[in-house]
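The structure appears below as structure tokens.
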Amino acid sequence: MKKVFVKTNNVKRFITMMNNLQNRAEGVPGMGLVYGEPGLGKTQAIKWWAFKNDAILIRCNQMMSARWLLKEILDYMSEIKPYSISDSFNEVIRNLILTPRVLIVDEVDYLTMDKNKSIEILRDIHDKTNVSVVLVGMTNAHSRLKKFSHLYDRLSEIVKFERFSKSDIKTIVKELSEIELTDCAIKYIYSNLNRFRQIVKVINKAETIAKANGLSSIDEILIKEAIQNETENSQTDKDSE
């Protein structure tokens with residue numbers, strides 16, 4: 001299995017979105033939203049982009065408050081954490097004005113359920129610093145954010161990660177597999193799998209079987225066997241919990 005970052009159609013649209021945000025015209029809001037079903041590569045895409053562009057990447061959780069959110073941002077900046085929430089906010093603003101960096105917030109859905117409206121802090125950060133702020137969430141993130149009208153109006157770029165197309169599957173296979181897959185094998189993957197992690201596991205399993213048997217290509221039968229083995233392993237793991 002090759003260790004490369006695969007640029008699916010979703011990733012390409014995400015890259016375009018990030019370029020648009022960074023090169024936006026004066027007066028155009030700089031907030032963006034990435035959302036979609038789990039397993040389509042959102043997290044891998046934002047981690048890859050954040051690393052390449054020195055962005056601040058924060059992952060929210062169910063218990064996150066406004067104070068906690070600001071602390072996470074300051075931790076990423078390696079800044080001293082003031083005690084009060086107002087001082088923490090001002091320190092974030094000061095730092096981003098002095099050193100502008102894109103702020104990416106993953107699992108933003110959790111903030112939309114916060115009665116204290118922690119998510120509004122992200123709008124304030126954007127307004128006071130003019131840095132790009134990108135929100136990343138699940139399928140319902142788009143509709144949930146509509147409840148926060150002032151924030152929603154600042155979303156100038158929105159990208160929904162769609163289910164993988166057949167061309168995406170071909171790209172994933174070509175980029176990752178060290179052994180060629182037949183067209184029938186690729187078609188079978190497309191018909192039965194649509195989660196990146198699942199596809200990677202099956203390709204890896206199929207490669208292992210192919211190499212053990214001295215095969216130069218992976219056909220549909222081998223992919224079926226790999227999927228079955230992976231399903232059985234997953235079930236065994238659940239039973240042992």
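None of the figures in this text is laboratory data; all of them are computed from the coordinates on show. Just so you know, these numbers come straight off a predicted model, no measurement behind them. Because the Cβ atoms are built from the backbone with ideal geometry, glycine has one as well, and the counts that use them run over all protein chains shown.
The table for this structure:
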item	result
Under-29-angstrom lysine pairs by C-alpha in segment 1-78, whenever the two are 8 or more apart or on separate chains	18
Karplus-derived 3J(HN,Hα), 6.51/-1.76/1.60, for each residue of segment 22-27, Hz, glycine and proline x	6, 10, 5, 6, 4, x
Karplus 3J(HN,Hα) series, Hz, for segment 47-60 with 6.51 cos²θ - 1.76 cosθ + 1.60 (x for Gly, Pro)	5, 4, 5, 4, 5, 5, 10, 6, 8, 8, 10, 10, 10, 7
Cα pair distances in segment 1-137, grouped into 10 Å bins until the bin that holds the longest one, percent each	11, 43, 34, 10, 1
Residue order, fewest to most beta carbons within 10 Å, for Lys117, Lys205, Lys42	Lys117, Lys205, Lys42
Magnitude of the charge dipole, the chain, Cβ model with Lys/Arg +1 and Asp/Glu -1, debye to 20	480
Rounded Å value of the spacing that divides the Cα centres of segment 91-150 and segment 1-70	12
Ratio Rg/Rh [Cα only; Rh per Kirkwood] for the chain	1.06
